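Enquirer: Here it is, the structure, as structure tokens.
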Amino acid sequence: MTTLNHMQRITQTIIPIIIIGALTYTFRTEIHILGLQLVQTVAPCTVPISYRIGSIDSRFGISNAQVLDALRHAESTWEKVAGRDLFRYVPEGDAVITVRFVYDKRQATTERLKDIGLSLDSDLASYHALEAKYRTYKSAYESKHSTIEQESAAFTARASAYEREVKMWNARGGVNASAAERLDRERSALESIQADLEARSRTLQKDADTVNALVDELNHMARALNSNVATYNKVGTSVGDEFEEALYEKRAGQESIEVYEFDGPERLRRVLAHEFGHALDIEHVDDNRAIMYRLNQGTNQVPTRADIEALQSVCHFAKK
Ligand SMILES: [Zn+2]
């Protein structure tokens, strides 16, 4: 009995040790990064934040070298102000931040706009060109929408007439042959109308997505132009959030910057500088020309006064 108890005690100690060991091994990267994150929290801006390049969807048509070039520019945006190393590129191995290019509807829209001869440049001519496109797409959407609505109403009325008749026959205890044949034909007619309406509604939703993407872009340009040009509202059900070109995310043991739109190197540098700013713990600032403004609408690559003050407050630099 004593031996068994002794064995039990050993297993009780050893098993947790084995588990901790296994976890440490499995999560060794995360634990390493957790340590680096801790340093960043207790002594911000003292140890450069390491970053690596993760997956880049080939549909962006951007090379690793181009991404790295943009990242180096973004890095120096803050380093020039700070007068010290804040970020460090790691070609291989662990890094705190992984930069990825994730292809979704946003880049698809950017390309669609390029296809129709528009770039995301914020000049008034592009704005009006985009506005004309928007009007065309929107009126096409609206006419399809109202046709589908009318047909849906007609369908609903016809379907309930059919149901009433079926109920009526059921109440009588049965249906005669000619009525049964007619009802059968009516049911299959209703089914094909329904299938058609559903298919067209799905297409309509795609059209709504296009119109809404144009609305996002128009409003984005309107703010960038900072003038009295019109802003627009979305149609149908919303496609979701406002255009976000990139996103910085921080979790314990891993941080990432995901880029969703690439429309030329200058804009990308600014996007990455913005996300690097978040990695330094800088929040959005109110100055609409700032790198850290919530929208990427300026063209300056140099931080504004508001950016510099925000950096100073997170890094606790002595004011020069
Ligand atoms: Zn932001």
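Enquirer: When you look at I257, is it part of a loop (DSSP other than H, G, I, E, B), closer than 18 Å to S76 by Cβ, within 12 Å of the ligand (Cβ to nearest atom) and at pLDDT 90 or above, yes or no? Step through it out loud before you land on a result.
Expert: On the way: part of a loop (DSSP other than H, G, I, E, B): no; closer than 18 Å to S76 by Cβ: yes; within 12 Å of the ligand (Cβ to nearest atom): yes; at pLDDT 90 or above: yes.
No; evaluated as a whole, the condition is false for this residue.
Enquirer: What residue, of Q107, Q66, is over 29 Å from T46 (Cβ atoms), at pLDDT 90 or above and under 25 Å from the mean Cα position of the chain (by Cα)? Break it down stepwise before answering.
Expert: Numbers: Q107 fails: at pLDDT 90 or above.
After ruling out the rest, the residue left standing is Q66.
Enquirer: When you scan segment 261-288, how many residues do you find that are in a loop (DSSP other than H, G, I, E, B), open to solvent by less than 30 Å² (accessible area, probe 1.4 Å) and either within 13 Å of the ligand (Cβ to nearest atom) or among the β-branched types (V, I, T) (or both)?
Expert: Counting residues in segment 261-288 that are in a loop (DSSP other than H, G, I, E, B), open to solvent by less than 30 Å² (accessible area, probe 1.4 Å) and either within 13 Å of the ligand (Cβ to nearest atom) or among the β-branched types (V, I, T) (or both) gives 3.
Enquirer: Any chance segment 235-250 includes a residue that's more than 12 Å from the ligand (Cβ to nearest atom), open to solvent by 20 Å² or more (accessible area, probe 1.4 Å) and at pLDDT 90 or above?
Expert: The initial filter retains those residues of segment 235-250 that are more than 12 Å from the ligand (Cβ to nearest atom), namely 235-241, 243, 250.
In the following step, the residues that additionally are open to solvent by 20 Å² or more (accessible area, probe 1.4 Å) were identified as 236-241, 243, 250.
Retained after the next criterion (residues that are at pLDDT 90 or above): none.
No.
Enquirer: Still on this structure, I have one more. Would you check which residues across segment 289-317 are of a type in the set (G, A, S), in contact (Cβ under 8 Å) with a residue 24 or more places away in the chain and assigned to a loop (DSSP other than H, G, I, E, B) and list them?
Expert: The initial filter retains those residues of segment 289-317 that are of a type in the set (G, A, S), namely 290, 298, 306, 310, 313.
With the extra rule that they be in contact (Cβ under 8 Å) with a residue 24 or more places away in the chain, the set shrinks to 298, 310.
G298, the sole residue that qualifies.
Enquirer: Another question, then. For segment 259-307, which positions are under 21 Å from K105 (Cβ atoms) and β-branched (V, I, T)?
Expert: Residues satisfying the conditions are V259, V271.
Enquirer: Take segment 289-301 and flag every residue that is open to solvent by 50 Å² or more (accessible area, probe 1.4 Å) and more than 11 Å from the ligand (Cβ to nearest atom).
Expert: Filtering segment 289-301 for residues open to solvent by 50 Å² or more (accessible area, probe 1.4 Å) gives 289, 294, 299, 301.
Within segment 289-301, R289, T299, Q301 qualify.
Enquirer: Within segment 152-174, is there a residue that is in contact (Cβ under 8 Å) with a residue 60 or more places away in the chain and assigned to a helix (DSSP H, G or I)?
Expert: No, segment 152-174 has no match at all.
The values are calculated or read from the model by the stated rules, or taken from the named source; none is laboratory data. This one's a predicted model, so the numbers in the text were calculated from it and none came from an experiment. Here Cβ is always computed from backbone atoms with ideal geometry, including for glycine, and neighbour counts include all displayed protein chains. Heavy atoms of the whole protein, side chains included, go into the accessibility calculation; ligands, DNA and RNA do not. Shrake-Rupley method; radii C 1.70, N 1.55, O 1.52, S 1.80 Å.
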